[in-house]
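Everything on this sheet refers to the single structure shown next.
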Amino acid sequence: MNKRKVQRKQGSPKAAHAGSAGGTRIPVRGARKSQVKARAPIGSPPRTERKQAELAETRTLAIAAMEAALDKRALEPVLIDVSGIGSYTDFIGIVSGRSDRQVDAIADGISQALKARGLRPLGQEGGGSGRWTLLDFGAFVIHIFYHPVREFYDLESLWIEAPRVKLDVPPEATLQQPDALYGAL
């Protein structure tokens with residue numbers, strides 16, 4: 001008798017279904033449901049008005065961060081809208097500095113300008129080295145590079161298909177003769 005019961009348990013449809021890849025998930029006792037919301041795939045229906053308003057507010061803050069960088073004499077600012085194709089952020093800002101100290105000063109300037117608006121970075125990476133600093137504000141991310149390092153990594157080419165946000169860039173923030181300004185890495 002015992003052999004029959006064991007065989008039924010192993011060979012029963014319920015046992016086979018629970019172990020298969022197509023089976024239902026068994027919740028873990030005490031586990032919370034994920035609060036992460038999936039983004040709509042590319043080519044999905046238009047966003048709701050609320051989502052558009054949130055994106056417009058994020059865009060305004062990202063532009064304010066880029067303006068703060070320009071106040072510290074940053075070079076070649078680029079703001080990339082990845083809201084339709086990126087899953088971790090909506091905007092990526094990239095700026096350059098002429099020296100290690102200027103890279104740190106630009107990062108501090110952006111942090112202070114957004115702190116005045118009540119926004120603090122969720123994280124900061126690479127600060128203090130002067131070659132590269134990342135400021136993560138969640139909905140947008142700002143990369144500040146020493147210019148030769150920026151040219152080496154060329155992040156803009158990774159997002160070549162994403163639209164660029166139009167920025168008012170003063171002439172002194174553009175490079176006329178990049179080779180004359182910088183030495184080797």
Completion exercise
Just one listed residue, out of GLY109, GLY118, is surrounded by fewer than 18 Cβ atoms within 10 Å (Cβ to Cβ) and either in contact (Cβ under 8 Å) with a residue 24 or more places away in the chain or of a type outside the set (S, T, N, Q) (or both), and it is GLY118
Handout entry: Yes/no for ILE92 being part of a strand (DSSP E or B) and either open to solvent by less than 20 Å² (accessible area, probe 1.4 Å) or modelled with pLDDT of 95 or more (or both)
Key = yes
Practice task
Filter the range 136-154 for residues that are in a loop (DSSP other than H, G, I, E, B) and either at pLDDT 95 or above or open to solvent by 30 Å² or more (accessible area, probe 1.4 Å) (or both) and give the result.
Solution key: ALA139, ASP154
Practice task
Restricting attention to the range 125-135, report how many residues are under 23 Å from ASP81 (Cβ atoms) and either open to solvent by 50 Å² or more (accessible area, probe 1.4 Å) or touching a residue at least 24 places away in the same chain (Cβ under 8 Å) (or both).
Solution key: 4
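The values are calculated or read from the model by the stated rules, or taken from the named source; none is laboratory data. Since this is a predicted model, take the numbers as computed values, not measurements. Cβ coordinates were reconstructed from backbone atoms using ideal geometry, including for glycine residues, and neighbour counts include every protein chain displayed. Surface areas here come from the heavy atoms of the whole protein model, side chains and all, with no ligands, DNA or RNA. Shrake-Rupley method; radii C 1.70, N 1.55, O 1.52, S 1.80 Å.
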